[in-house]
1. If we scan the stretch 49-59, do we find a residue that is at pLDDT 90 or above and not in a loop (DSSP other than H, G, I, E, B)?
2. What's the number of the only condition in (1) in contact with a strand residue (DSSP E or B) (Cβ under 7 Å, 6 or more places away or on another chain); (2) over 16 Å from Arg10 (Cα atoms) that Val83 fails to meet?
3. Go through the residues of the stretch 12-23 one by one and say whether even a single one is among the basic types (Lys, Arg), part of a loop (DSSP other than H, G, I, E, B) and under 18 Å from Asn72 (Cβ atoms).
4. Inspect all residues belonging to the stretch 70-86 and state whether any of them is more than 21 Å from His132 (Cβ to Cβ), within 16 Å of the chain's Cα centre (by Cα), assigned to a helix (DSSP H, G or I) and of a type outside the set (S, T, N, Q).
Amino acid sequence: SALVIDFFNRASVIDPPHGSRLDPGLYRLVIRGGVRILNAGEFFAYPREQKFKDSRLWSAARRVGVGVTEANKLVLMATSESVYMRDLAAAMKTYKVRSAIALDGGTSAGMYWRGSYLIAPGRRLTNILAVHEGPGIAWVMAPPPNW
């Protein structure tokens, strides 16, 4: 599964076929590789169907998830304690999340906000999801080249 945000700032969770390539020109953001945990507001975690093979997915661990509400609000959530995927999904549902994916967890789980760690990862990370505060624009139309 993947979280995508298009050029009009509409976020959604999609389920492209395993091994398929997404056209990066269609989206401003693509985060691919998470296990879907909510679909239409219901718990939906079938890692084997999504070609995940690591049995630790079913164990309790610190978790990070990202989801989308019906009002197109992004919800980012991380747990400081070990929980099961269904627990993360239930917590996200309390924030009216309809579609969500679980991202990397365990020692990779962390959340940093406004200069300090809310949840510190247990190891150095090479990839992170960053959200920047401030005014933004959904899409800028460039004038034709001959103007």
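1. Just the residues of the stretch 49-59 that are at pLDDT 90 or above, to begin with: none.
The answer is no; no qualifying residue exists.
2. (1)
3. First pass over the stretch 12-23, keeping only residues among the basic types (Lys, Arg): 21.
Add one more test, that the residue is part of a loop (DSSP other than H, G, I, E, B), and what stays is 21.
From what is left, the residues that are under 18 Å from Asn72 (Cβ atoms) are none.
No: zero hits.
4. The answer is yes, given that some residue of the stretch 70-86 is more than 21 Å from His132 (Cβ to Cβ), within 16 Å of the chain's Cα centre (by Cα), assigned to a helix (DSSP H, G or I) and of a type outside the set (S, T, N, Q).
The values are calculated or read from the model by the stated rules, or taken from the named source; none is laboratory data. All of these numbers come straight from a predicted model, not from anything done at the bench. Note that each Cβ is placed from the backbone with ideal geometry, even for glycine, and that neighbours are counted across all protein chains shown.
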